[in-house]
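Asker: There's a structure below that I have some questions on.
Since every read-out is calculated from the coordinates, none of them should be taken as a lab result. Everything numeric here is computed off the predicted structure, so don't read it as measured data. Note that we place each Cβ from the backbone using ideal geometry, even for glycine, and neighbour counts take in every protein chain shown.
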Amino acid sequence: MNTSQAEIWETIKTIKTGMLNTWDGRRMKARPMETVQEDYTGTIYFLAPADADPVKELRNHPEVGVTYMHTEAGLYLSLSGKAEISNDTELKKSLWNDDVSTWFPEGAESNDVAVICIHVESGERWRSSDGFSKLYKRILANLESDNPDLSFHTKYSS
């Protein structure tokens, strides 16, 4: 895992639920999805009903965005890439856990469960200062008649 993948994974595993943004041919749509993998090597995995709207949308328009945010920690991640829909039973089994079983009691072998594979092509990550640091930077910026630098920003590409 390279540095950017490590930073991306550190953010994802902290937050776990991302907003999956798809295009239905007329408008953007977003919905929360739980990341189901245990590590990250450039692809994000979600499980969904095979007949769900995001699965249908991604078959026609594979360009996708996924955002993760943890406002209390000041942590934000935006990723873009291409989606692929898989019905591979072995892949589903490798991603399966107790939480997934709650949503899909029919099991990993079911054709009613699809894997949404997001192959990440680019992304951006922001980490803002904590409360005390933010207050200090604002006061300092006001004294210097400048804008405060309240976050760290990193860009990624594959």
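Asker: For segment 39-86, which chymotrypsin sites (Phe, Trp or Tyr not before Pro) are in a loop by DSSP, counting at most 11 other Cβ atoms within 10 Å? The partial results should precede the final answer.
Answerer: Details: sites: Tyr40, Tyr45, Phe46, Tyr68, Tyr76; in loops: Tyr40.
For chymotrypsin sites (Phe, Trp or Tyr not before Pro) across segment 39-86 that sit outside H, G, I, E and B with at most 11 neighbouring Cβ atoms in 10 Å, the list is empty.
Asker: Students often get this wrong, so check it: of Lys82/Lys155; Lys93/Lys155; Lys16/Lys56, which have C-alpha atoms separated by over 21 Å? Before the final figure, lay out each step's value.
Answerer: On the way: Lys82/Lys155 18 Å; Lys93/Lys155 33 Å; Lys16/Lys56 23 Å.
Correct reply: Lys93/Lys155; Lys16/Lys56.
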